[in-house]
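The values are calculated or read from the model by the stated rules, or taken from the named source; none is laboratory data. What you see is a predicted model; the values in this text were computed from it and never measured. Cβ coordinates were reconstructed from backbone atoms using ideal geometry, including for glycine residues, and neighbour counts include every protein chain displayed. The area values use the complete protein model at the heavy-atom level, side chains included, leaving out ligands, DNA and RNA. Shrake-Rupley method; radii C 1.70, N 1.55, O 1.52, S 1.80 Å.
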Amino acid sequence: MRRSFLIALVAAMGLLPGCGSDSGGSSAPSPAPTPTASHRITVTSSAFTEGGTIPRRHTCDGEDVSPPLAFSGVPADTTGLVLMMEDPDAPHGTFTHWLAWNIGPRTTELAAGQAPQGATQGRNGFRKTGYGGPCPPRGDNPHHYVVTVYAADRRLDLAPDATPDDVRRALTDHTLATGTLTGRYGR
């Protein structure tokens, strides 16, 4: 009986969403290739530096609002920007915290808590639309949160429930430039 209880408990824990869950990834058998480009976009935040600690305000332990972001070096012929924020350190695979596409090509910044105007925001790994801040399991080493911005040469025609892999596939052969900013957070 004790063994049956433990098996049921472990199975039930696998159904709970959160940073430690793999529900933020794709259900596809193999991940989509990462779009590549020869040009670089510079992605910065006034809230944290490259490799720095993401302030509590932008996490599940604080206000859970997106950090301020700035982009430069976006090619002039860009049709739209794509933004992803992912935690590659999540225990069950990469966890998506933010996914947005068809952001205006002349967008140079997003204020803290600001959704990209006119863009489609996808579902994050918490199964909610928009931003969901870092929320690693307590006691883990600090996780890395990678914000990636892609410049696309076309608008992406995707359903609002598109996965990160769907977005990556749509970007294949349509990526003009990319850039990343990595922050860390631990609890």
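A few notes on this one:
- Whole-Hz ³J(HN,Hα) from phi, Karplus 6.51 cos²θ - 1.76 cosθ + 1.60, for the stretch 108-116, glycine and proline x: 10, 7, 10, 6, 4, x, 8, 7, x
- Taking θ as phi - 60° and the Karplus parameters 6.51, -1.76 and 1.60, the scalar couplings of the stretch 55-72 work out to x, 3, 3, 9, 10, 5, 8, x, 7, 6, 9, 4, x, x, 10, 9, 10, 9 Hz in sequence order, x denoting glycine and proline.
- The stretch 116-187 shape via C-alpha gyration tensor axes, a/c threshold 1.5: prolate
- Stretching Ser46 away from Arg187 to a fully extended chain increases their span by 48.6 nm, per 0.36 nm per residue minus the current alpha-carbon distance.
- Our coupling estimate for the stretch 138-155, obtained by passing each phi through the Karplus curve with A = 6.51, B = -1.76, C = 1.60 and θ = phi - 60°, is 4, x, 5, 4, x, 8, 9, 10, 9, 8, 10, 10, 10, 9, 10, 8, 7, 6 Hz, Gly and Pro reported as x.
- Solvent-accessible ranking of Ser72, Ser45, Ser38, largest area first, probe 1.4 Å: Ser38, Ser72, Ser45
- Residue-normalised accessible area of the stretch 101-140, expressed per residue, 1.4 Å probe, Å²: 51
- Computed from label points 7 Å out along Cα-Cβ, the spacing between Thr53 and Val65 is 2.1 nm.
- Förster radius 22 Å - calculated FRET efficiency between Gln114 and Ser38 (Cβ-Cβ, nearest 0.05): 0.15
- Taking the protein heavy atoms of the stretch 60-143 in the context of the full set of protein chains, the accessible area attributed to carbon and sulfur is 45 percent at 1.4 Å.
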